[in-house]
Number of protein chains: 2
Amino acid sequence: MITMVPSRNAVLVNGVILNGPITDSKAGEKFVEDACKIIMEEVIQKAADVTEKVCEWHPPEKLKKLLDLEMRDTGEPHQRLLQLCQDIIRYSVKTNHPRFFNQLYAGIDYYSLVARFITEALNPSVYTYEVSPVFLLVEEAVLKRMIEFIGWKEGDGIFNPGGSVSNMYAMNLARYKYCPDIKEKGLSGLPRLVLFTSEECHYSMNKAASFLGIGTQNVYFITTDERGKMIPEELEKQVQRARKEGAAPFLVCATAGTTVLGAFDPLDKIADICEKHGLWLHVDASWGGSALMSRKHRKLLHGIHRADSVAWNPHKMLMAGIQCCALLVKDNSDLLKKCYSAKASYLFQQDKFYDVSYDTGDKSIQCSRRPDAFKFWMTWKALGTTGLEERVNRALALARYLVDEIKKREGFQLLLEPEYTNICFWYIPSSLRKMEEGPEFWEKLHQVAPVIKERMMKKGSMMLGYQPHRGKVNFFRQVVISPQVSREDMDFLLDEIDLLGRDL
Amino acid sequence: MITMVPSRNAVLVNGVILNGPITDSKAGEKFVEDACKIIMEEVIQKAADVTEKVCEWHPPEKLKKLLDLEMRDTGEPHQRLLQLCQDIIRYSVKTNHPRFFNQLYAGIDYYSLVARFITEALNPSVYTYEVSPVFLLVEEAVLKRMIEFIGWKEGDGIFNPGGSVSNMYAMNLARYKYCPDIKEKGLSGLPRLVLFTSEECHYSMNKAASFLGIGTQNVYFITTDERGKMIPEELEKQVQRARKEGAAPFLVCATAGTTVLGAFDPLDKIADICEKHGLWLHVDASWGGSALMSRKHRKLLHGIHRADSVAWNPHKMLMAGIQCCALLVKDNSDLLKKCYSAKASYLFQQDKFYDVSYDTGDKSIQCSRRPDAFKFWMTWKALGTTGLEERVNRALALARYLVDEIKKREGFQLLLEPEYTNICFWYIPSSLRKMEEGPEFWEKLHQVAPVIKERMMKKGSMMLGYQPHRGKVNFFRQVVISPQVSREDMDFLLDEIDLLGRDL
């Protein structure tokens, strides 16, 4: 099967010449260089430019025709590939744009961006010290600081691909702590495990309960007050109800910064109930956790140091880039490892020549895992703790400004006084302003936000989310995150909604 | 609270000036530019250079001192940050290096790298068409082609953060298909669910079973033959045993390309048994799936078209960058969505102005999700199907060359004739070559690979994994992936092991 071709000294196996690489590295490097220029000009330099469109919107069938998506037998040439890069950028939503307000992330952070470029170039996977020495140490350092900001003396943690996944980890960890046998024996034949969370919680609670075999019916949703905060007395009642039913309560998931309203559950009172009943307290601070960086605003999370675990996503208000999500655990008896380990002998050899306690990969449900902590570390290094604090303070101040503007302007109506940077409001077109607030009014108002959304998408002037929520008809949710955003952008937002919707 | 300062026309809220952005975008852009130069010179241009070290190894405590990891109150200046970038790169393992053979990924793919840079710059999350129009269409196109390569007429799928996560998805999906009530009711009170996989399977099977509440004891491991392939007759016996026990068999997880030995389970025979017993057939082809791209080698996966679901990671042999992992599902009745949906009304509004069937995020356990399909798409565009095929053929030809060299050389001993590009072998130092293969021999041989590993790490000449496995003492596992690798690198590998270990 192996043929030596003496003239060229080449080795042929199964018709494949094995001498030298098959990749033209010079051509590859040239492509990276040319593409980087496009990225710099078309994405990075335009990120702060409000005169650019947030998106050039086309419906799916049309966009498929505009893009050349087909993968062919033969490769495309250099120039054609660069054109594809430009098309991809052109038709993508600019989430870096100062007027992208559609999600809980926005803006451009130049430092985390560099960390992400380094990550992609080095292409590491974070599980063993031998393969990822730097990134494991960085993760350790970042987790340590985050743990300090929660107010724990010690703890453990891991970065995960999303806050939803962090919430799942916490749920499984609480279950393991409650009954370690479940790891091996499973849930079959056990009493019904029940967990508690507010009716304003993130939808990942339901996803986690079904994925983990607990079942969505065993998530008991606790009533919230008019601001969206869990009512502790209702929690107490539901725990007692579960006990009476013969079920096994094991976990309370409080929320610090709910997705729609930005509400913070009263953690201290909830911690009292958890202590009394011996329940694990997990705080989903995926969104609100960043307020811990601000001495002024960290009181929103008063009592968080009493939690057993916390999910916190620096990719949201701290702009570390998607995804950067930590699960932090107060326990320091290696619970995370006991719960998750599978002890793969090909990866976690115990006879290595270094301290294998740095091989943290067996704490994870993943095998290959990205060095997400590194992105946050780089931003922290560049801005310092005070720079991160300034971001949080500015976002909350901008939110306050917007609230006051909404109160001043005719045709705008706040849903509620916000605690955080989610500002929920209705725009009431002039045709509805004199109508009585009866069923017809609400029905008509429900249709306003989707039409304005369609118009802003097609114009490309900004992006802003809307939703119906718990009996309330469609309203806008404005979220302030990025330090690129200024007072002028808040004014623009309201002017633009009025401009797009005044004829409705 | 709001103070107008007329002289500067500034708006102050809570002491924060809200006019203009707080980010210096010019300084940020300069930092990105300067850092990109470093990345180009220190990572990308050195990737193909065998004279560079694979790693500059230091033990954890020393590396902590070499790196300035501390996050301070104030930020670091431009030049200091660039120095940090250089340090991060310097002390990281160069997984792009032609002599990095340590994991199931390696090498540099310039095209997927550009896609990853674009991704990081645009910072998208893939859940709704309004936010990720391009990346959702790209994912759809890539999934469609991967489904064709499996041999299904139609299907569905999703990209996940790792093959382990894809395996979990499949396990949960099979369970949902078996009993949809579990989503709401959970496993409590149900009979014991049992799944079957080979004893050579990936460790994510155990992780998934414990995470999903099934329990690791309910993973029935099927005996393999001497090449590491599941024995179908043993599977039949175990299914019958589970039924006799009153348990509920629901799933068989076959493996196409095992992690250590690179073995392929006999899919066609396993599919017969699944059909007979009405069991879901999942194939973990995370590693071996890429052989489907080769007309010559796809026979390794003969019968895969009969699977109900397949996990396949293009980030391994097809070099799409970590992570790029598809779960593919044969069902086309929207099972993935039914199983996973939580219908969050703030994200998946049904009154949008476009076809919301493109909002695929509710098929996922994640909320924010990265556009991993895009990396593979870009490489496919650049190389064409034939270029991808060539990569697979070359990797297998190089593996064949290495096997033949091992057979020729004194002191090297193959564990088994490989099917794929995992070449498992012992290096026997001259002091052991004349010893009888008794307990003392094996005990001494067990200690050889760790010492050679330590020496190669400290020298930085290459990286190669070793492990004990199923009663076999520590052996090397060489994996061939990258097209940058040549016959010369295979020769070097054997020479270097001999050089590092001959005195043992």
Open item on the list: I'd like to know if the range A:93-106 contains one or more residues that are farther than 21 Å from B:Cys324 by Cα, at the interface with chain B (Cβ under 7 Å from one of its Cβ atoms), in a helix (DSSP H, G or I) and touching a residue at least 24 places away in the same chain (Cβ under 8 Å).
Closed with: no
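Could you grab me the full set of residues in the range A:413-458 that are assigned to a helix (DSSP H, G or I), over 23 Å from A:Trp57 (Cα atoms) and in contact with a helix residue (DSSP H, G or I) (Cβ under 9 Å, 6 or more places away or on another chain)? Write out each step before concluding.
Of the residues in the range A:413-458, the ones assigned to a helix (DSSP H, G or I) are A:430-432, A:439-446, A:448-458.
Going one step further and asking which of them are over 23 Å from A:Trp57 (Cα atoms), we end up with A:430-432, A:439-446.
Residues satisfying the conditions are A:Ser431, A:Leu432, A:Phe441, A:Lys444, A:Leu445.
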TODO: State whether one or more residues within the range B:225-243 are touching a Ser or Thr at 6+ places or on another chain (Cβ under 6 Å) and among the β-branched types (Val, Ile, Thr).
DONE: yes
Task: Residues satisfying the stated conditions in the range A:111-130, i.e. among the β-branched types (Val, Ile, Thr) and more than 7 Å from every other protein chain (Cβ to nearest Cβ) - done: A:Thr119, A:Val126, A:Thr128
Open item on the list: So if I check each of A:Ser204, A:Ser210, which one is surrounded by 24 or more Cβ atoms within 10 Å (Cβ to Cβ) and touching a Lys or Arg at 6+ places or on another chain (Cβ under 7 Å)?
Closed with: A:Ser210
Task: Filter result for the condition that a residue is farther than 26 Å from B:Lys183 by Cβ and among the acidic types (Asp, Glu), over A:Glu200, A:Glu234, A:Glu226 - done: A:Glu226
Task: Subset of the range B:391-424 [within 9 Å of another protein chain (Cβ to nearest Cβ) and without any contact (Cβ under 8 Å) to a residue 12 or more places away in the chain] - done: B:Ala397, B:Arg400, B:Asp404
Open item on the list: Can you say whether B:Gly321 is buried (at least 18 other Cβ atoms within 10 Å of the Cβ), facing chain A (nearest Cβ under 10 Å) and at positive phi, as far as the supplied structure shows?
Closed with: yes
Open item on the list: Restricting to the range B:221-242, name every residue that is within 28 Å of B:Gly186 (Cα to Cα), within 14 Å of chain A (Cβ to nearest Cβ) and crowded, with 19+ Cβ neighbours inside 10 Å.
Closed with: B:Ala242
Task: Residue under evaluation B:Lys177, criteria (1) touching a residue at least 60 places away in the same chain (Cβ under 8 Å); (2) surrounded by 24 or more Cβ atoms within 10 Å (Cβ to Cβ); (3) touching a helix residue (DSSP H, G or I) at 6+ places or on another chain (Cβ under 7 Å), criterion not met - done: (2)
Open item on the list: Just checking, does the range A:254-266 include any residue being of a type in the set (Gly, Ala, Ser), touching a Pro at 6+ places or on another chain (Cβ under 6 Å) and assigned to a loop (DSSP other than H, G, I, E, B)?
Closed with: yes
Open item on the list: Pull out all pairs, ordered by first then second residue, where Cβ-Cβ is under 7 Å, the residues are six or more apart or on different chains, the first lies in the range B:50-68 and is farther than 22 Å from B:Met462 by Cβ and of a type in the set (Lys, Arg), and the second is at pLDDT 95 or above and crowded, with 17+ Cβ neighbours inside 10 Å.
Closed with: B:Lys64/A:Leu137
- [ ] Go through the range A:353-382 and give me each residue that's of a type outside the set (A, V, I, L, M), under 21 Å from the mean Cα position of the chain (by Cα) and in a helix (DSSP H, G or I).
- [x] A:Lys363, A:Phe374, A:Lys375, A:Phe376, A:Trp377, A:Thr379, A:Trp380
Open item on the list: Looking at the range A:131-161 only, could you name the residues that are within 11 Å of chain B (Cβ to nearest Cβ) and touching a His at 6+ places or on another chain (Cβ under 9 Å)?
Closed with: A:Pro133
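Does A:Ser461 meet the test of being in a helix (DSSP H, G or I), in contact with a helix residue (DSSP H, G or I) (Cβ under 9 Å, 6 or more places away or on another chain) and not assigned by the TED database to the domain that holds A:His58? Full working, then the answer.
Working: in a helix (DSSP H, G or I): no; in contact with a helix residue (DSSP H, G or I) (Cβ under 9 Å, 6 or more places away or on another chain): yes; not assigned by the TED database to the domain that holds A:His58: yes.
So A:Ser461 fails the test.
So which of A:Arg298, A:Arg243, A:Arg306 is more than 18 Å from the chain's Cα centre (by Cα), charged (D, E, K, R) and within 21 Å of A:Glu199 (Cα to Cα)?
None of the other options fit; the residue is A:Arg243.
Being farther than 19 Å from B:Gly321 by Cβ, under 26 Å from the mean Cα position of the chain (by Cα) and assigned to a loop (DSSP other than H, G, I, E, B) is the requirement here; does B:Glu76 meet it?
On the way: farther than 19 Å from B:Gly321 by Cβ: yes; under 26 Å from the mean Cα position of the chain (by Cα): no; assigned to a loop (DSSP other than H, G, I, E, B): yes.
No.
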Open item on the list: When the residues of the range B:446-462 are narrowed to those that are out of contact with any strand residue (DSSP E or B) (no Cβ under 8 Å at 6 or more places or on another chain) and away from chain A (no Cβ under 11 Å), which ends up surrounded by the most Cβ atoms within 10 Å (Cβ to Cβ)?
Closed with: B:Ser461
Open item on the list: Out of everything in the range A:390-406 that is of a type in the set (D, E, K, R) and surrounded by 23 or more Cβ atoms within 10 Å (Cβ to Cβ), what residue ends up being farthest from A:Phe425 (Cα to Cα)?
Closed with: A:Arg391
Task: Selection within the range A:26-41 - in contact (Cβ under 8 Å) with a residue 24 or more places away in the chain and surrounded by fewer than 20 Cβ atoms within 10 Å (Cβ to Cβ) - done: A:Ala27, A:Lys30, A:Asp34, A:Ile38
Task: Single unsatisfied condition, A:Asp334 versus (1) in contact (Cβ under 8 Å) with a residue 24 or more places away in the chain; (2) within 10 Å of chain B (Cβ to nearest Cβ) - done: (2)
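Among the residues of the range B:376-389, how many are buried (at least 18 other Cβ atoms within 10 Å of the Cβ) and either free of Cβ contacts under 8 Å to residues at least 60 places away in the same chain or within 22 Å of B:Ser309 (Cα to Cα) (or both)? Working first, answer last.
Looking only at the range B:376-389, we keep the residues that are buried (at least 18 other Cβ atoms within 10 Å of the Cβ), and these are B:376-383, B:387-389.
Remaining after also requiring either free of Cβ contacts under 8 Å to residues at least 60 places away in the same chain or within 22 Å of B:Ser309 (Cα to Cα) (or both): B:376-377, B:387.
So the count comes out to 3.
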Task: Scope the range B:184-199; condition touching a residue at least 24 places away in the same chain (Cβ under 8 Å) and surrounded by fewer than 24 Cβ atoms within 10 Å (Cβ to Cβ); matching residues - done: B:Leu190, B:Pro191, B:Arg192, B:Glu199
TODO: Within the range A:70-77, identify whether any single residue is among the charged types (D, E, K, R), more than 30 Å from A:Arg455 (Cβ to Cβ) and surrounded by 14 or more Cβ atoms within 10 Å (Cβ to Cβ), and answer yes or no.
DONE: yes
Task: Answer from A:Gly278, A:Gly303, A:Gly262 - the residue that is crowded, with 24+ Cβ neighbours inside 10 Å and either under 23 Å from B:Gln366 (Cβ atoms) or not hydrophobic (A, V, I, L, M, F, W, C) (or both) - done: A:Gly262
TODO: Identify, by number, the condition in (1) within 26 Å of B:Cys424 (Cα to Cα); (2) outside any helix (DSSP H, G or I) that B:Phe250 doesn't meet.
DONE: (1)
TODO: Go through A:Ile2, A:Ile44 for me and flag whichever is within 7 Å of another protein chain (Cβ to nearest Cβ) and modelled with pLDDT of 95 or more.
DONE: A:Ile44
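The values are calculated or read from the model by the stated rules, or taken from the named source; none is laboratory data. In this text the structure is predicted, and so the values were computed from the model without any measurement. Don't worry about glycine lacking a Cβ; one is built from the backbone with ideal geometry, like all the others, and counts go over all protein chains shown.
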